[in-house]
Amino acid sequence: MAAVRGRLSSLPGLENARVYHPAYSRPFGRCDAGHDPLFTVNPNIPAEDALVHVALYLCSAYETGYKALDHMREEGRGMFWSNLHAIEMAEGVIEALLDGIESTRPPTNLPSQA
């Protein structure tokens with residue numbers, strides 16, 4: 001989680017970074033109350049920033065789920081472990097995508113040539 005937080009804190013001011021934008025606004029929420037979803041992904045957020053937030057959400061979901069195991073009966077724990085493994089796999093994909101984005105970013109700490 002510290003690596004993800006480090007990425008999040010380093011994002012502002014990356015003038016030389018590639019910027020990837022999501023293509024569309026995307027409403028979400030599973031309320032099923034007969035009205036439009038309450039939440040929408042903003043289409044103007046750079047994809048890298050969005051991926052960092054997704055990594056944080058997945059990390060939080062895993063940590064919360066892990067703690068929830070303490071309050072479950074034994075019969076349901078195996079199925080819940082499957083959920084935690086799925087979250088862990090999704091985290092791995094997001095982290096690999098962020099590593100790939102960061103590895104293609106041009107270095108910003110080179111001395112300027114006048």
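Bear in mind that the values in this text are calculations on the coordinates, not laboratory data. What you are looking at is a predicted structure, and each value in this text was computed from that prediction instead of being measured. Note that each Cβ is placed from the backbone with ideal geometry, even for glycine, and that neighbours are counted across all protein chains shown.
Annotations for the structure displayed:
- Peptides 46-53, 35-42, 72-79 ranked from most to least packed give 46-53, 35-42, 72-79, packing being the mean of other C-beta atoms within 10 angstrom over each peptide's residues.
- Full-extension gain in nm, V93 to F39, via 0.36 nm per residue minus C-alpha separation: 17.0 nm
- Long-range amide H partners of V41 with built H, under 5 Å: R26, F28
- In order along segment 30-40, the phi-based Karplus estimate (6.51 cos²θ - 1.76 cosθ + 1.60, θ = phi - 60°) of 3J(HN,Hα) comes to 10, 7, 6, 9, x, 10, 4, x, 7, 10, 9 Hz; Gly and Pro are listed as x.
- Extension gain (nm, one decimal) between R105 and D32, 0.36 nm per residue minus Cα-Cα: 22.1 nm
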